[in-house]
Amino acid sequence: MHGAAATATQVLFGLSPLLVSLAIFVLTYAIIVTERINRAIVALLGAGLMIFSGVLHQSEAFAGIDLNTIGLLTGMMVIVAITQKSGVFQYVAVVAAKAVKADPWGLMVMLSVVTALFSALLDNVTTVLLVAPVTLLITDALKLKPYPYLFALIFASNIGGSATLIGDPPNIMIGSATGLGFNDFLFNLAPLALVVFILTLIPLYLIWGRKLYAAPEDRAQVMAFDADKAITDPRLLKQSLAVIALVILGFMLAHVIGQEPATIAMFGAALLLLLRVWDQNGEDQSHQVQRGFAEVEWVTIFFFVGLFVVVAGVEKAGALKMLAQQLMELTGGDFAATTFIILWVSATASALVDNIPFVATMIPVIHSMAPSFGAGNINTLWWSLALGACLGGNGSLVGASANLVVAGFAERAGQPIRFLPFMLMAFPLMLGSIAVSSVYLWLRYL
Amino acid sequence: MSIKAIPICPPTVCLRPEAKLMEALKLMLEKQINHVPLCDGSGSFAGVVSTNAVLRALIPASARAEGGLSDLRFAGDAERMLTSRLHDLERLTVGEFATKDVPLLDEDCPLLEAALLLTNSTAPLPVVGADGKLRGMLSRRALLAYLAQQAGL
């Protein structure tokens with residue numbers, strides 16, 4: 001089989017690989033954008049077409065799949081799936097609500113802080129999946145409309161997610177493709193995330209915060225919540241927190257110990273599973289382990305797999321190099337102009353379509369610009385891609401998976417979030433955060 | 001043998017969809033039953049109201065919705081919230097509240113099939129005649145009572 005892979009690829013009917021790969025790429029992305037068919041299916045079909053059409057050999061397709069991203073995502077998903085059963089998220093939310101005496105504006109700030117912090121350390125989707133229900137419970141008890149809180153939750157999760165390597169899938173992909181580590185993301189992006197977070201609270205206060213009111217007897221009801229009782233499994237809580245602390249320490253020391261994040265996350269997942277099952281019999285062990293793995297979001301994982309192959313196809317055919325050259329011509333090779341174009345285009349694109357395919361495409365484009373700008377400078381472009389993709393996700397309800405998860409839960413709970421009203425408020429706020437990012441990039445790197 | 005042979009016991013009470021939900025609740029509490037079927041003017045099946053559905057409506061949506069909170073011990077006993085929600089239900093009619101999505105048993109349904117459907121359901125199932133009119137509700141207990149009698153137990 002290796003002999004076949006080594007020979008030059010022959011594209012179907014002798015067509016140009018560039019055209020064929022671009023056609024598959026555009027078709028795949030167009031169908032993903034319509035959201036008519038599950039995105040994982042579309043991406044995998046696109047990947048299959050790249051191989052069947054002869055653009056890629058299977059071995060090249062496999063080589064295009066970034067297993068570091070897949071491994072990190074899967075490992076963290078297993079860890080979070082197990083941890084959430086301890087009730088720790090409800091515990092923290094209730095403690096936060098009581099810390100501000102269930103004051104409506106204080107509650108919004110606290111729940112945002114909790115969401116941002118969890119989103120920075122875990123993945124956004126899981127975070128909002130766990131914080132949204134308890135938010136709804138508390139606003140329900142306070143007889144407040146949940147919408148402003150859910151809006152704040154979405155913003156907090158995307159801003160928090162932009163702060164670290166593991167916070168948001170775009171950062172995971174960028175980190176994996178560039179070798180930039182946990183600390184690089186933390187030192188370069190977290191300060192800005194903090195500023196953007198604080199600045200975002202101002203419009204939230206002016207629009208909603210100052211008008212919110214909850215009756216004393218309703219606040220008393222929330223104050224009667226007993227956070228300790230939210231912990232359903234104290235042993236699991238200790239195990240999970242210990243493993244998460246170890247994994248984050250591992251990420252911080254990754255460069256020093258010469259290991260990649262995927263190894264650390266997967267090892268953490270295996271360690272937590274071991275702690276869960278070591279005193280159980282064979283059958284119970286199987287059940288426990290099966291449940292842990294079953295809660296991995298396989299749709300997301302297979303979506304990544306398919307996309308990586310589709311992008312590998314256009315990359316091999318030379319389309320992305322062309323795009324990079326076009327971009328360079330457009331900016332006249334000016335570094336600052338390139339930085340800002342990447343930031344603003346990423347933000348706009350990520351607001352309107354899923355940021356994962358966008359970032360998957362941009363990574364090879366930026367890589368091929370490296371020779372023109374030099375390896376030292378190129379990091380600035382990575383930061384602008386990361387900021388654009390993560391913060392841009394706030395621009396509309398479909399901008400990030402976390403937004404859709406919140407909207408989905410709100411709808412099931414009878415509090416639907418409408419697409420247009422959300423966007424009318426969210427898009428300008430998102431542009432504001434990108435303007436702040438521009439200033440930050442200018443002051444710090446340009 | 002079909003379920004036609006099974007006497008529906010106690011005789012089924014039936015409410016019109018315009019009846020108030022509280023009327024249904026009082027009826028269920030008095031007669032110690034968990035389900036009341038609804039019939040429209042022509043006697044056709046129009047849904048079923050259950051104690052479970054009423055209880056469910058008292059729980060916050062954050063726990064009721066799929067993917068919601070699976071544990072509410074931390075939220076206190078919240079008696080005030082539960083009773084105030086029960087008051088909120090007062091304005092509803094049974095028609096607005098009823099579940100219509102239940103499998104119907106036709107009178108000629110074989111016993112074995114009825115047994116299977118009942119095992120998969122959490123509630124008694126409505127029995128409907130060929131004319132579309134509600135004959136009554138078939139419960140697990142009624143089916144078992146009939147089978148026990150046939151078995152000479």
Notebook entry, point to check: What ranking of A:TYR149, A:TYR440 emerges when the number of other C-beta atoms within 10 Å of each C-beta is taken as an exposure proxy, fewest first?
Noted result: A:TYR440, A:TYR149
Check: Is the shape of the stretch A:249-328 rounded, prolate or oblate, going by the alpha carbon gyration tensor and its root eigenvalues a ≥ b ≥ c, with a/c under 1.5 for rounded and a/b larger than b/c for prolate?
Finding: oblate
Item checked: Stretch gain in nm, segment A:GLN280-A:ASN379, where the contour uses 0.36 nm per residue and the Cα spacing is subtracted -> 30.9 nm
Next item on the list: Could you compute the FRET efficiency for A:GLN58 and A:LEU424, with r as their C-beta to C-beta distance and R0 at 51 Å, rounded to 0.05?
Entry: 0.65
Item checked: the stretch A:197-265: chymotrypsin sites (Phe, Trp or Tyr not before Pro) in DSSP coil with no more than 16 other Cβ atoms inside 10 Å -> A:TYR213
Margin query: Cross-link candidates for B:LYS133: which aspartates and glutamates have Cα within less than 17 Å, leaving aside residues fewer than 8 places away along the same chain?
Written below: B:ASP40, B:ASP101, B:ASP106, B:GLU107, B:ASP108
Next item on the list: State, to one decimal in nm, how far the label point of B:THR51 lies from the label point of B:ARG91, with both points 7 Å from Cα in the Cβ direction.
Entry: 2.8
Next item on the list: Rank these for me by crowding, A:ILE198, A:ILE159, B:ILE8, going from fewest to most other beta carbons within 10 Å.
Entry: A:ILE198, B:ILE8, A:ILE159
Check: Hey, got the average number of other protein chain Cβ atoms within 10 angstrom for residues in A:138-149?
Finding: 2
Item checked: Simple label model, 7 Å out from Cα along Cβ direction - B:SER2 to A:ASP228, nm -> 6.3
Notebook entry, point to check: Considering only Cα-Cα distances, which of the following residue pairs are longer than 26 Å: A:LYS101/A:LYS238; A:LYS229/B:LYS31; A:LYS145/A:LYS238; A:LYS98/A:LYS238?
Noted result: A:LYS101/A:LYS238; A:LYS229/B:LYS31; A:LYS145/A:LYS238
Note to self: Once you place label points 7 Å from the Cα toward the Cβ at A:LEU206 and A:VAL33, how far apart are they in nm?
What the structure shows: 3.3
Check: Taking other Cβ within 10 Å of each residue's Cβ, how do A:VAL439, A:VAL33 sort, fewest first?
Finding: A:VAL439, A:VAL33
Check: Nearest 10 degrees, 0 to 90: what angle lies between the long axis of helix A:234-257 and the longest principal axis of chain A (Cα atoms)?
Finding: 40
Check: Using the Cα atoms as the points, what is the convex hull volume per residue of the stretch B:10-153 in Å³?
Finding: 144
Item checked: Relative contact order %, the stretch B:3-150, counting alpha carbon pairs below 8 Å whose residues are six or more apart -> 30
Notebook entry, point to check: Name the trypsin sites (Lys or Arg not before Pro) in the stretch B:1-107 that are in a loop by DSSP and that have at most 15 other C-beta atoms within 10 Å, would you?
Noted result: B:LYS100
Notebook entry, point to check: For the stretch A:155-185 and the stretch A:342-365, what is the separation of their C-alpha centers, rounded to whole Å?
Noted result: 14
Check: Can you pull the mean other chain C-beta count within 10 Å for peptide B:73-82?
Finding: 6
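Only the coordinates and a few stated rules stand behind these numbers; no lab work does. All of these numbers come straight from a predicted model, not from anything done at the bench. Heads up, the Cβs are rebuilt from the backbone with ideal geometry, glycines too, and the neighbour counts pull from every protein chain shown.
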